[in-house]
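Visitor: Provided herewith is a single structure, encoded as C-alpha cells, for subsequent inquiry.
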Amino acid sequence: MTKYIVQGGKPLFGEVEISGAKNAAVAIIPAALLVDGVCRIENIPQISDVTLCLRILEQLGASIRSINPHTVEIDCHCIHSTRTSYELARKIRASYYLIGALLGRFGQAEVAMPGGCNFGVRPIDQHVKGFTTLGAKVVVEGGFIHASTESGRLNGANIYLDVVSVGATMNIMMAAVMAQGVTVIENAAKEPHIVDLANFLNSMGANVRGAGTDTIKIHGVDRLLGGSYAIIPDQIEAGTYMAAVAAAGGQILVKNIIPKHMDCITAKLQECGVEVEEREDTLLVRRTGKLQKANVKTLPYPGFPTDMQPQITTVLTLAEGTSLVTESVWNNRYRYVDELKRMGASIQVDDKTAVVEGVDHLTGAPIQACDLRAGAALVIAALAAQGQSEVSCVQYIERGYENIVEKLQALGADIRAVEEPGDAEELEAHIG
Ligand code: EPU
C-alpha cells in the first residue's frame, strides 16, 4: 500500500511537462479495435487506467508493441474474441468504450458492466439508446452487456442525446464509423477528447465531421486502416498543477499544453488572483498575493470542468471571503470535503452546492483519497498546508496522473511515496 508523505507550506517553482490526456487515451486505445491494421499511438500517458485498457485489448487478441514509454503500436488484425475478461473490464469505467468499438467492427460485443460508482449514479442509458438506434440489440445478462446485430453491421441513424454525455458521444461515434450510411449525433458533448477521438478515427480513414460542436455527422466507411496518431495533452492534469501553484504559491511553467483547452480553468484562476501568462504551448502560472473568492459552476465543455471541481474547491478554502461551488454534472462529488475539513477547511455542502468560507491556512493531517480527482485535490491541500500530511489510497491518483510525485518533486515540493505493509484497496469503483 502506497502513501504520500507531504511536508506542506513550500511554494512551487520550476517547470512541469504535461502528459497525454487520460480521457482521450482510454477511448482511443479501445478505438484501435476498429482498425484493420497497425495503429501507432503516441503521447500515451503512463497511468494504470491505460495499462488496463492495453491488457484488455491483448486479451481479445490484439498484438501490442511498446516502442517507448509513451508510444505503442496496436495491431487488431487477429482479434479472436468479442467477449472481454470480466475481471479486467469491470476494473475500469471506460471499458464501456469496448462496446462501441467491438460492435462497430464485428457487429457484436460482450463487455462486463462497468463497476460501481464512487460518486453519484453513472447510468449508460444514452450509450444503449445510441446502439439500439443504430440497429443493435442490447441486453444485460450475467454481469455482461451483450450487444449484437443480425447482419453484422449497424445502420446509420439520427440520435438525439437526452443529456450531454462525453462517454455516449464517443461510444456512438465508434459504433457508427463503419455503419451503413450516415449517423448524426445531436446534443453531442464537445470536450477536447471528443475532437481527439474524431481526429484519430479520421486519421485511420473514418469520415467524422463536426466533432467539437453539438452536431456530429458520421459517414460510415467500409474499413479503417492503420496509421499514426499523437494524443492531445491532458487538460485536467495541467489544471491540477495550476491549482497546486494557486494553493501553495510560487511560479511554474506548465509545458506541452493547448492553451485554448485551458481557457475555462485559466479564467477562473485569474478571478481568484492567480496570474496566468499564455505562450504558444505553455502557461506561466504565478501566485504571490492573497487568493480571492470566486463562484464556480461545473458544466460540460467549454464550461468549467467537473474533473477540476475538487481541485478548485481546495484552492478556494484559502481564498479571502465566501465562495460558492455548484456541481452540476455529477451527484455526490463532494466526498473529499470531510478530509479537507480535517485540515481546517470550512466548507458546508448542501446537495450540489458547497459554501466555502476561506481560512487563513490549512494544517497537515492524515487524509484519504476516495477517487482520482478527490485524491489530486488532497495532494494540493497537503502541499499548501502547514506541517505534514499523509495521503492514503493514492492508487486512485495513480490511475490518472503520470509520475505525480516526481513531477511535484521537480517543482520543489517535499513529497515522497512510501510503501506500507497491507493490501492496496481493490479499485472496484472505477470512476474516471
Ligand atoms: N449520463 C446519463 N446517461 C448516460 C451517460 C451519462 O444520464 O448514458 C449523465 C451522467 O450521470 C452525468 C452526465 O450525464 O450526470 C455526464 O456524464 P458523461 O457521460 O459525460 O460522463 P462519462 O463519459 O461517464 C467522462 C469522464 C469523467 C468526466 C465526465 C464529464 C472518461 C473516462 N470519464 O465520464 O472523468 O467527469 O466525462 O466530463 O472520459 C475523471 O477523469 O476524473 C472523470 C470522472
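Visitor: Tell me which residues, restricted to the stretch 135-168, are aromatic (Phe, Trp, Tyr) and either assigned to a loop (DSSP other than H, G, I, E, B) or within 16 Å of the ligand (Cβ to nearest atom) (or both). I'd like the intermediate steps shown before the answer.
Guide: Step one: list which residues in the stretch 135-168 are aromatic (Phe, Trp, Tyr), which gives 144, 160.
Selection gives Tyr160 alone.
Visitor: Filter the stretch 342-352 down to the residues that are within 22 Å of Gln292 (Cβ to Cβ) and surrounded by 15 or more Cβ atoms within 10 Å (Cβ to Cβ) and list them by number. Spell out the reasoning first.
Guide: Taking the stretch 342-352 first, the residues within 22 Å of Gln292 (Cβ to Cβ) are 343-349.
Scanning the stretch 342-352 gives Met343, Gly344, Ala345, Ile347, Val349.
Visitor: Could you check the stretch 115-165 and list, in sequence order, the residues that are under 21 Å from the mean Cα position of the chain (by Cα) and modelled with pLDDT under 90?
Guide: Gly115, Gly116, Cys117, Asn118, Phe119, Gly120, Val121, Arg122, Pro123 - these are the residues of the stretch 115-165 that are under 21 Å from the mean Cα position of the chain (by Cα) and modelled with pLDDT under 90.
Visitor: Within the stretch 324-331, can one find any residue that is buried (at least 21 other Cβ atoms within 10 Å of the Cβ), within 19 Å of Val6 (Cβ to Cβ) and either outside the structural domain of Cys264 (by TED's automatic domain parsing) or in contact with a helix residue (DSSP H, G or I) (Cβ under 6 Å, 6 or more places away or on another chain) (or both)?
Guide: Looking for residues that are buried (at least 21 other Cβ atoms within 10 Å of the Cβ), within 19 Å of Val6 (Cβ to Cβ) and either outside the structural domain of Cys264 (by TED's automatic domain parsing) or in contact with a helix residue (DSSP H, G or I) (Cβ under 6 Å, 6 or more places away or on another chain) (or both), one finds none in the stretch 324-331, hence no.
Visitor: Do we have any residue at all in the stretch 270-285 that's touching a residue at least 60 places away in the same chain (Cβ under 8 Å), of a type outside the set (S, T, N, Q) and surrounded by fewer than 23 Cβ atoms within 10 Å (Cβ to Cβ)?
Guide: Among the residues of the stretch 270-285, not one is touching a residue at least 60 places away in the same chain (Cβ under 8 Å), of a type outside the set (S, T, N, Q) and surrounded by fewer than 23 Cβ atoms within 10 Å (Cβ to Cβ), which makes the answer no.
Visitor: Follow-up. Regarding the stretch 290-308, can at least one residue be identified that is farther than 27 Å from Ser328 by Cβ and either outside the structural domain of Met242 (by TED's automatic domain parsing) or free of Cβ contacts under 8 Å to residues at least 40 places away in the same chain (or both)?
Guide: Of all residues in the stretch 290-308, those farther than 27 Å from Ser328 by Cβ come to 290.
From the residues that got through so far, the ones that are either outside the structural domain of Met242 (by TED's automatic domain parsing) or free of Cβ contacts under 8 Å to residues at least 40 places away in the same chain (or both) too are 290.
Yes, there is a match, as at least one residue in the stretch 290-308 is farther than 27 Å from Ser328 by Cβ and either outside the structural domain of Met242 (by TED's automatic domain parsing) or free of Cβ contacts under 8 Å to residues at least 40 places away in the same chain (or both).
Visitor: Same structure again: Does at least one position in the stretch 173-184 carry a residue that is surrounded by fewer than 24 Cβ atoms within 10 Å (Cβ to Cβ) and either on the phi > 0 side of the Ramachandran plot or within 16 Å of the ligand (Cβ to nearest atom) (or both)?
Guide: yes
Visitor: Given the options Met204, Met174, Met178, Met170, name the one that is among the aliphatic types (A, V, I, L, M), in contact with a strand residue (DSSP E or B) (Cβ under 6 Å, 6 or more places away or on another chain) and at pLDDT 95 or above. It would help to see each step written out before you state the result.
Guide: On the way: Met174 fails: in contact with a strand residue (DSSP E or B) (Cβ under 6 Å, 6 or more places away or on another chain); Met178 fails: in contact with a strand residue (DSSP E or B) (Cβ under 6 Å, 6 or more places away or on another chain); Met170 fails: in contact with a strand residue (DSSP E or B) (Cβ under 6 Å, 6 or more places away or on another chain).
None of the others qualify; the one that does is Met204.
Visitor: I'd like to check something: does the stretch 287-301 contain any residue that is under 27 Å from Val355 (Cβ atoms), aromatic (Phe, Trp, Tyr) and surrounded by fewer than 24 Cβ atoms within 10 Å (Cβ to Cβ)?
Guide: So far as the stretch 287-301 goes, yes, one or more of its residues are under 27 Å from Val355 (Cβ atoms), aromatic (Phe, Trp, Tyr) and surrounded by fewer than 24 Cβ atoms within 10 Å (Cβ to Cβ).
Visitor: Taking the stretch 206-231 on its own, how many of its residues are within 16 Å of the ligand (Cβ to nearest atom) and either surrounded by 24 or more Cβ atoms within 10 Å (Cβ to Cβ) or over 26 Å from Cys264 (Cα atoms) (or both)?
Guide: 3
Visitor: Tally the residues that are farther than 11 Å from Arg40 by Cβ, in contact with a strand residue (DSSP E or B) (Cβ under 9 Å, 6 or more places away or on another chain) and without any contact (Cβ under 8 Å) to a residue 40 or more places away in the chain, restricting the search to the stretch 69-94.
Guide: 8
The values are calculated or read from the model by the stated rules, or taken from the named source; none is laboratory data. Small disclaimer: the values here were computed from a predicted structure and weren't measured. Because the Cβ atoms are built from the backbone with ideal geometry, glycine has one as well, and the counts that use them run over all protein chains shown.
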